[in-house]
Amino acid sequence: MEISFKCKPLKLSSCYLNSIASKCVFLAAMALVIRAVLLLPFSSSFGGSKQQNDLVLIRNHSLSLNDNTGVRNDKFLEVPQIVWGLNNQKIAFARSCLTARMLNRTLLIPSLSASLFYKEVNLLKPISFDKVFQYERFNSHCRGFVQLGKYSDLSNRTGVFELQKGSGRRWTMERDLEQLKESMENPIDEYEVIRIVGKNPFLWHDHWPVKDYAKVFECLVLVDEIMADADKVVSKIREKGIQEQRVSSNDPANAVNNTMLFPYVAVHMRIEKDWMIHCKNRERKMNITQICSSKVEIMERVSNIFGLKIPTVVYLAVADELLEGSSILFGWGENLLPFEKKKLGVDGIYTKYPYLIQSAIDYEVCLRADVFVGNSFSTFSGLIVLERTQKMLRSGFEGSCEGEKDFRWPSYAYNLEGDAKGPRRWMTNMSDSSLRAISYGSKDVSC
């Protein structure tokens, strides 16, 4: 039966209905229209204004927000396996989190890589995020900022939308940002899962300020087993310091007895063969000579740090298996007492773990050091300094490193000469608009 409506445009309530059946159809149609208005976003083709669009979108999102976090927990982002060294992986993970935050989606718990291999995919040795970092603790610490989810949280009510990341010089930061903005709208946003395919998240364009990365890094807490082993290493370092002090002191009775009070210096000593090849190539390309440092230069600059208490225990964070040549323990002078894993007697703690977790323990040891000295072109050193700078700011420090001689958690860059032929003081510029200086290294150490 054909039904005709004699009415003016958009004034359906004044239509003349010529049959009872027409009235029934009219009521059903009105119900569908009302339902669409309440549940679906307006589009310009239906004459909806921008204000109406925003109102409805916000209402839709609020229906699926996690009450505890403010992040949607029924929309997810999936990223490729995260690879390379520990701190490249931490940056890639944080960039994935911030991408999910921009899309207002929960990040599906990613797979990290336990090994250093990255060209041979079959050698990557994937390891789940929650085998290294505490999953629940992360969500608790980052509540309201970013959110992790598990694959078991998926309802599989819709398909997966695959978002191909562009590459090459033509894939500019502007194009990348535009792609992300398009993914925030329907029809892409309707999908339960957006799966980003393509290159490692470390290589994605960076659209976020340092302070946002710092928030994510603060939420990363090692699982209890790994943290307990890091505690053992730190305690062992401080115990060695007390033992050496008692031996060298003329008044052993006044030696420090509390291992928690004995200070130590941690040096991220980049002199391994793979690093020396890498840094020499970078120096040639950048036409500078302030990336590589020899063992002798590192030792001399560390010994010239202003106000260093002596004797001082120096923990050498180094990839022992990549070293070649003479031992790194000789030549430090009588007031600097160097220890690496084997001499410290903790090498057994490290060897039971894959590369990624060995690096995570060393990272924690360096992070807790009373004084840290690293290389400003090393991502490992750069992230440690970022977290130490954040700790200083959290503790109420409001000054700058210029002219300051005594503050907690000082850090230095041994590849750059500072005062009195010592290493240059190093703090992260927390107002930077991106993480580029840390991701790829820089001579700019804010000091």
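Filtering the range 143-170 down to residues that are open to solvent by less than 30 Å² (accessible area, probe 1.4 Å) and assigned to a loop (DSSP other than H, G, I, E, B), which residue is modelled with the lowest pLDDT?
That would be Gly166.
I need the full set of residues from the range 326-354 which are of a type outside the set (D, E, K, R) and either within 18 Å of the chain's Cα centre (by Cα) or under 15 Å from Ile271 (Cβ atoms) (or both), in order please.
Applying the first criterion (of a type outside the set (D, E, K, R)) to the range 326-354 yields 326-333, 335-339, 344-346, 348-351, 353-354.
Selection gives Ser326, Ser327, Ile328, Leu329, Phe330, Gly331, Trp332, Pro338.
So Ile196 ticks every box in (1) in contact with a strand residue (DSSP E or B) (Cβ under 8 Å, 6 or more places away or on another chain); (2) in a loop (DSSP other than H, G, I, E, B) but one. Which box is left unticked?
With respect to (1) in contact with a strand residue (DSSP E or B) (Cβ under 8 Å, 6 or more places away or on another chain); (2) in a loop (DSSP other than H, G, I, E, B), Ile196 is out only on (2).
So, in the range 173-193, of the ones that are in contact (Cβ under 8 Å) with a residue 24 or more places away in the chain and not in a helix (DSSP H, G or I), which residue ends up surrounded by the fewest Cβ atoms within 10 Å (Cβ to Cβ)? Walk me through how you get there before you give the answer.
Here is the first cut: in the range 173-193, the ones in contact (Cβ under 8 Å) with a residue 24 or more places away in the chain are 173, 176-177, 180, 183-184, 186, 188-193.
Filter again for not in a helix (DSSP H, G or I), leaving 183-184, 186, 191-193.
Working: Ser183: 19, Met184: 14, Asn186: 12, Tyr191: 19, Glu192: 17, Val193: 18.
By that ranking, first place goes to Asn186.
Go through (1) modelled with pLDDT of 85 or more; (2) open to solvent by 40 Å² or more (accessible area, probe 1.4 Å) for Cys292 and report which single condition fails.
Cys292 satisfies all of (1) modelled with pLDDT of 85 or more; (2) open to solvent by 40 Å² or more (accessible area, probe 1.4 Å) except (2).
Name every residue in the range 358-370 that is among the aliphatic types (A, V, I, L, M), open to solvent by less than 10 Å² (accessible area, probe 1.4 Å) and either over 12 Å from Ile237 (Cβ atoms) or in a helix (DSSP H, G or I) (or both), in order of residue number.
Ala360, Ile361, Val365 - these are the residues of the range 358-370 that are among the aliphatic types (A, V, I, L, M), open to solvent by less than 10 Å² (accessible area, probe 1.4 Å) and either over 12 Å from Ile237 (Cβ atoms) or in a helix (DSSP H, G or I) (or both).
The values are calculated or read from the model by the stated rules, or taken from the named source; none is laboratory data. Keep in mind that this is a model prediction, so the values were computed, not measured. Cβ coordinates were reconstructed from backbone atoms using ideal geometry, including for glycine residues, and neighbour counts include every protein chain displayed. Only protein heavy atoms, including side chains, enter the accessible area calculation; ligands, DNA and RNA are left aside. Shrake-Rupley method; radii C 1.70, N 1.55, O 1.52, S 1.80 Å.
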